[in-house]
Amino acid sequence: METHVALAVQLDPAADEELAELAELLRGAGAEDVTRPRFGTPVPGTRGIDAEIADVVANVTPAIGLLERIVSTLRGWLARRPRRTLKMTIGDASVELTGFTTASEEQLVQAFVRHVCERG
């Protein structure tokens, strides 16, 4: 049986059309059960994720290839919005992405993906 983890995405500030676009991009990258939680309403299957802090929640298999594809998709979206930041959280691990990719951000992203996959 495959293990799934909840991926929470926060975008600040979050415009409704951008959240819908992020949800669709996550689906296209291979995430499952992508939802936009209502504040204060827990989303089934989101253990460890506070629905009040997530703009988009997705169930994902903690596999390096899948998480790298999801991160790459989100980074591509951010690259077209250089003044935006996006935070991804899985369990107790989180990483903040910006529209400007730096070598240190790349190392943080790789460490985040490895950490999540090793625990998964």
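The values are calculated or read from the model by the stated rules, or taken from the named source; none is laboratory data. Computed from a prediction, not measured in an experiment: that's the story for all the values here. Note: ideal-geometry Cβ built from the backbone for every residue, glycine included; neighbour counts use all protein chains shown. For the accessible areas, the whole protein counts, side chains as well, though only heavy atoms, and no ligand, DNA or RNA atoms are used. Shrake-Rupley method; radii C 1.70, N 1.55, O 1.52, S 1.80 Å.
The conditions are (1) in a helix (DSSP H, G or I); (2) at pLDDT 90 or above; (3) surrounded by fewer than 16 Cβ atoms within 10 Å (Cβ to Cβ), and residue 106 fails exactly one of them. Which is it?
Looking at each condition in turn, residue 106 falls short on (2).
How many residues are closer than 12 Å to residue 11 by Cβ and either assigned to a loop (DSSP other than H, G, I, E, B) or open to solvent by 50 Å² or more (accessible area, probe 1.4 Å) (or both) when one looks only at segment 86-98?
Final tally of qualifying residues: 2.
From the residues in segment 1-19 that are modelled with pLDDT of 85 or more, open to solvent by less than 50 Å² (accessible area, probe 1.4 Å) and farther than 26 Å from residue 118 by Cβ, which one is nearest to the chain's Cα centre (by Cα)?
For segment 1-19, the residue satisfying everything is 11.
Pairs needed: first member in segment 11-29, over 16 Å from residue 72 (Cβ atoms); second member anywhere, open to solvent by less than 70 Å² (accessible area, probe 1.4 Å) and acidic (Asp, Glu); C-beta distance under 8 Å; at least 6 residues apart or different chains.
These pairs meet every condition: 11/18; 11/55; 14/55; 19/55.
With respect to residue 58, determine if the residue is of a type outside the set (Phe, Trp, Tyr), modelled with pLDDT of 65 or more and open to solvent by less than 70 Å² (accessible area, probe 1.4 Å).
Yes: the conditions hold for residue 58.
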